[in-house]
Amino acid sequence: MGGKDSNYQIVYRGEMLEYFKPGGWVFFQRPKECGGGYWLGRTYHDVFMIEYERPVSLSEGMIYLTSLNKVEARSNDFDENFSLF
């Protein structure tokens with residue numbers, strides 16, 4: 001599972017997700033027979049929503065989350081010189 005400071009959890013083969021934060025990121029490890037890798041998505045009450053359209057490696061998923069966090073951090077920046085045309 002992810003550490004206290006991380007914004008994701010990891011569920012390895014044969015384990016269960018005992019606690020989740022609604023809207024939190026989770027990596028579910030796939031069986032080796034199915035090609036391995038992880039499903040990356042968000043957990044909500046009664047549903048797991050896959051966020052990435054294909055299984056990813058753990059490093060690829062973490063790069064995705066880092067990029068997403070950078071975009072979210074700048075999403076409220078206002079650019080006075082932004083032009084639509």
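The values are calculated or read from the model by the stated rules, or taken from the named source; none is laboratory data. Every value quoted in this text rests on a predicted model; they were computed, and no experiment measured them. Cβ: placed from backbone, ideal geometry, glycine included. Neighbour counts: every protein chain shown.
Some values worked out for this structure:
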| quantity | calculated |
| --- | --- |
| Output for region 23-54, where each listed residue is part of a strand (DSSP E or B), more than 12 Å from the chain's Cα centre (by Cα) and free of Cβ contacts under 8 Å to residues at least 12 places away in the same chain | V47 |
| Residue match in region 55-66 (condition: part of a strand (DSSP E or B) and modelled with pLDDT of 95 or more) | yes |
| Options F20, F78: the member that is part of a loop (DSSP other than H, G, I, E, B), farther than 16 Å from N7 by Cα and of a type outside the set (D, E) | F78 |
| Out of K70, K4, sole residue that is basic (K, R), modelled with pLDDT under 90 and either surrounded by 10 or more Cβ atoms within 10 Å (Cβ to Cβ) or in a helix (DSSP H, G or I) (or both) | K70 |
| Condition check for Y8: in contact with a helix residue (DSSP H, G or I) (Cβ under 8 Å, 6 or more places away or on another chain) and either hydroxyl-bearing (S, T, Y) or on the phi > 0 side of the Ramachandran plot (or both) | yes |
| Filter pass, S83 being out of contact with any Asp or Glu (no Cβ under 9 Å at 6 or more places or on another chain), among the hydroxyl-bearing types (S, T, Y), without any contact (Cβ under 8 Å) to a residue 24 or more places away in the chain and exposed (fewer than 10 other Cβ atoms within 10 Å of the Cβ) | yes |
| So T43, is it closer than 12 Å to Q9 by Cα and not aliphatic (A, V, I, L, M) | yes |
| Output for region 14-43, where each listed residue is among the aromatic types (F, W, Y) and surrounded by 13 or more Cβ atoms within 10 Å (Cβ to Cβ) | F20, W25, F27, F28, Y38, W39 |
